[in-house]
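In what follows, a structure is listed as structure tokens, so that the remarks can point back to it.
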Amino acid sequence: MEANQKFLSKSEIAKRLSVSLRTIDKWRDQHGMPAIQIGTVIRFDRESVDRWFNSFARQEIAQ
């Protein structure tokens, strides 16, 4: 993964966040993790996911 790469695959975003692929699916389906799907291909905008993750983490800590 290049540092300046804007769109990441599911495995790249999972590695970036140190979580499993299953967790990425759960977050996307149940918690609104931003993703772009074209046909069967799913990509994640690195900056959008970073913003979402920071917000999601704050909410989880507050509970």
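Values computed for the structure shown
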| read-out | value |
| --- | --- |
| Estimated D of the chain in µm² per second, where Rh is the Kirkwood radius over Cα pairs and Stokes-Einstein applies at 4 °C, 1.567 mPa s | 108 |
| Chain lengthening between Gln5 and Ser20 when straightened (0.36 nm per residue, less Cα-Cα) | 3.3 nm |
| Added length on full extension, which subtracts the Cα-Cα distance from 0.36 nm per residue, Thr40 to Arg58 | 3.4 nm |
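Throughout, read-outs are computed from the coordinates displayed, never taken from laboratory work. Here the structure is a predicted model, which is why all the values come from computation and not from measurement.
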